[in-house]
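The values are calculated or read from the model by the stated rules, or taken from the named source; none is laboratory data. Just so you know, these numbers come straight off a predicted model, no measurement behind them. Every residue, glycine among them, receives a Cβ derived from its backbone with ideal geometry; neighbour counts consider all protein chains shown.
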Amino acid sequence: MKDILTLRLYTRVARLGSFSAAAREAGLAQSQVSRMIADLEAGLGARLLSRTTRAVQPTEAGLEFLARMEPILAAIEDAENSVRETGELRGVLRIGMPSTMALRVVIPRLRAFAERHPQLHIELLLDDKWQDMVREAVDVGIRVGTLPDAAGTARLIGRMQRVVVASPDYIASHGKPERPEDIPRHRIVGGPAAMQATSWRFEREGGVAEVEIHADISSNDTAGALAAATGGLGLTSTTSWACRDEIRAGQLVALLPDWTMAQIPVHAYFPLGRATRLAARAFVDFICAQLEGHEDWRSGG
């Protein structure tokens with residue numbers, strides 16, 4: 001068990017980039033953790049961590065060891081969790097998701113899950129870009145939009161409505177589009193969901209209108225696109241959930257209310273496929289139950 005503890009400490013030091021942070025997490029003295037890692041390196045005959053006064057980073061050998069060791073430790077944690085009669089989960093759960101999805105949808109609903117599993121350390125990796133989930137040891141990724149080709153397993157957990165919005169100041173200066181055909185005459189703010197899009201598709205009473213768009217300003221972050229739209233820089237398209245606070249505050253106005261846009265799929269992506277961890281599945285089941293019936297959410301499946 002001491003050897004397993006040492007290996008777990010190494011993975012935490014490598015991920016956190018800090019002996020002190022890993023020590024606090026484990027309830028140990030920093031000197032004790034440092035000594036245990038040094039003993040591990042001596043036993044392996046390899047330097048796993050590069051230590052400077054500013055940072056602790058895995059060496060090339062350390063990265064290779066980390067990539068091979070984390071799945072083994074995750075399997076041990078799952079074995080322990082599977083026989084724990086209380087159903088309480090322990091270990092580390094790494095969740096990757098877009099920033100706006102995390103801040104406006106997931107994190108506000110996470111308290112009950114965290115309280116149910118107080119010994120489970122939850123790490124949230126927030127990034128609107130598609131992460132290398134295997135290299136980052138992400139247990140489950142929540143992705144909004146179309147999934148790229150990948151080797152893992154995806155589960156459609158829901159859909160979000162897409163809308164077009166603009167600020168009152170922009171509308172006062174440039175007018176409000178009354179129909180989809182008016183959109184090309186306006187300035188466009190492109191966000192992550194629209195970075196590759198060349199058109200927006202609208203439907204009404206069985207009719208379809210598709211208009212070409214050319215972004216005048218682009219952001220790789222949804223919050224950035226919303227800030228640009230709120231600042232009067234143009235129209236943007238995003239999920240109704242992402243902009244609901246700004247609409248309620250009067251900072252943004254939903255346009256073309258008689259038209260609907262295609263719903264955006266939301267997937268839970270498990271990079272390990274059938275070897276998906278118990279904690280990852282439990283988290284996804286929990287968040288799906290939390291969102292069931294919400295006005296801005298359409299359940300998947």
**Study point:** Single unsatisfied condition, residue 114 versus (1) buried (at least 17 other Cβ atoms within 10 Å of the Cβ); (2) within 16 Å of residue 280 (Cα to Cα)
**Key:** (1)
Exercise for review: Give 57, 32 a once-over and let me know the one that is without any contact (Cβ under 8 Å) to a residue 40 or more places away in the chain and either outside any helix (DSSP H, G or I) or more than 16 Å from residue 277 (Cα to Cα) (or both).
Suggested key: 32
Exercise for review: Kindly indicate whether residue 98 is closer than 30 Å to residue 265 by Cβ and without any contact (Cβ under 8 Å) to a residue 24 or more places away in the chain.
Suggested key: no
Revision key, fill the gap. Of the residues in the stretch 76-118, those that are under 22 Å from residue 157 (Cβ atoms), part of a loop (DSSP other than H, G, I, E, B) and at pLDDT below 85 come to 87
